[in-house]
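Here the structure comes first, spelled out in structure tokens, and everything after it is commentary.
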Amino acid sequence: MNILLHELRAYRKSTIIWTISLVGIAALFMSFFPSFTKDTEEFTKLLEGYPAALREAFGINLENLFSILGFYCYGLSFVTLCGSIQAMNLGTSIVSKEVREKTADFLLTKPVTRTIVLSNKFLAALISIILTNIIYIGAAILLAFQVTTEDFSIETFILLSLTVFLVQLIFLAIGIFISVVVPKIKSVLPVSLATVFAFYFLGMFSSGDEGKRYLSPFKYFDTAYIMDNSGYEASFLAAGAVVIVAAIVASYYIYAKKDIHCV
């Protein structure tokens with residue numbers, strides 16, 4: 001329990017900053033919605049000039065862009081990107097910070113197993129992400145009601161918002177795996193940014209190809225499909241679950257066996 005509380009305190013500041021950042025991004029995009037819907041014809045002509053692949057990569061669907069849900073999806077792509085960096089930072093720092101700060105020897109000499117250590121660290125990161133999403137979703141719903149007078153499905157809105165959390169889980173698992181595999185990570189942020197943006201651009205280039213969508217977590221949850229079906233695509237939901245479970249199981253196995261070098 002002491003490890004969990006210590007980790008939660010360590011993540012407290014970053015959790016607050018990331019939560020405010022995600023809400024701020026949503027608020028920024030939502031603030032454009034009233035003026036955006038006043039000039040639908042001009043914006044439609046402008047966006048039609050862009051390649052379809054580029055529009056799809058940024059989550060722009062002209063069929064529903066001028067509804068509150070459709071417009072929200074556009075901003076949601078950037079929220080998901082930033083949320084993924086948060087999750088990747090947490091995952092990558094879980095083990096690497098102990099080596100980097102030379103506290104691993106102190107921690108591992110305590111009368112607790114490595115499994116318990118990793119479990120507490122993982123739980124702390126998970127709680128941080130959950131708190132971020134609870135506040136974000138609540139704020140996003142309030143913002144949506146503030147900028148539109150039209151009726152929209154709250155259930156669909158929440159399903160769309162939860163994609164941020166689901167993608168974060170994938171990157172948290174990937175980050176943990178990297179943290180236990182790489183002997184020493186000098187700085188977490190460059191690793192996190194490189195990994196997240198690599199998958200992001202991979203997702204952009206895989207637009208329109210169903211098979212290539214499996215290569216990037218950013219393409220596992222198609223917003224147009226969610227709005228049309230009020231649910232997620234089972235195959236991609238399963239793919240995300242496989243990635244998470246495989247990464248976490250491998251992380252536990254490797255961490256239990258590896259030599260921890262603190263110097």
**Prompt:** If you check V249 against the conditions, is it surrounded by fewer than 16 Cβ atoms within 10 Å (Cβ to Cβ) and either within 30 Å of K38 (Cα to Cα) or of a type outside the set (S, T, N, Q) (or both)?
**Reply:** yes
**Message:** Restricting to region 187-211, give me the number of residues that are surrounded by 15 or more Cβ atoms within 10 Å (Cβ to Cβ) and either among the basic types (K, R) or part of a loop (DSSP other than H, G, I, E, B) (or both).
**Reply:** 2
**Item:** Selection count, region 140-183, where residues are open to solvent by 60 Å² or more (accessible area, probe 1.4 Å), in contact (Cβ under 8 Å) with a residue 40 or more places away in the chain and either charged (D, E, K, R) or not in a helix (DSSP H, G or I) (or both)
**Value:** 3
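Mind listing whichever residues of region 215-231 are of a type outside the set (D, E) and within 16 Å of the chain's Cα centre (by Cα)? Spell out how you get there, then give the answer.
Of region 215-231, the ones of a type outside the set (D, E) are 215-221, 223-227, 229-231.
Matches in region 215-231: L215, S216, P217, F218, K219, Y220, F221, T223.
Condition check ((1) modelled with pLDDT under 85; (2) touching a helix residue (DSSP H, G or I) at 6+ places or on another chain (Cβ under 9 Å); (3) assigned to a helix (DSSP H, G or I); (4) surrounded by fewer than 20 Cβ atoms within 10 Å (Cβ to Cβ)) across all residues:
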| residue | (1), (2), (3), (4) |
| --- | --- |
| L46 | yes, no, yes, yes |
| R55 | yes, yes, yes, yes |
| N64 | yes, yes, no, yes |
| Y72 | no, yes, yes, no |
| S93 | no, yes, yes, no |
| L107 | yes, yes, yes, yes |
| K110 | yes, yes, no, yes |
**Item:** Pairs, first among the hydroxyl-bearing types (S, T, Y) in region 11-38, second open to solvent by 50 Å² or more (accessible area, probe 1.4 Å) and assigned to a helix (DSSP H, G or I), C-beta under 7 Å, six or more apart
**Value:** T15/L131; T19/I135
**Prompt:** Within region 129-139, is there a residue that is in contact with a Phe, Trp or Tyr (Cβ under 7 Å, 6 or more places away or on another chain), surrounded by fewer than 21 Cβ atoms within 10 Å (Cβ to Cβ) and closer than 27 Å to I3 by Cβ?
**Reply:** yes
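F221: of a type in the set (F, W, Y), assigned to a loop (DSSP other than H, G, I, E, B) and either free of Cβ contacts under 8 Å to residues at least 24 places away in the same chain or under 27 Å from F71 (Cβ atoms) (or both), yes or no? If you could, list the steps in order and put the result at the bottom.
Values: of a type in the set (F, W, Y): yes; assigned to a loop (DSSP other than H, G, I, E, B): yes; either free of Cβ contacts under 8 Å to residues at least 24 places away in the same chain or under 27 Å from F71 (Cβ atoms) (or both): yes.
Yes; evaluated as a whole, the condition is true for this residue.
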**Complete:** Checked pairs for region 227-247, first over 21 Å from G70 (Cα atoms), second among the β-branched types (V, I, T) and modelled with pLDDT of 95 or more, C-beta under 7 Å and 6 or more apart or across chains, list as G240/I170; V243/I170; I244/I170; A247/I174
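The values are calculated or read from the model by the stated rules, or taken from the named source; none is laboratory data. A quick note: this is a predicted structure, and the numbers were derived from the prediction, not measured. Virtual Cβ from ideal backbone geometry, glycine too; neighbours counted across all protein chains shown. For the accessible areas, the whole protein counts, side chains as well, though only heavy atoms, and no ligand, DNA or RNA atoms are used. Shrake-Rupley method; radii C 1.70, N 1.55, O 1.52, S 1.80 Å.
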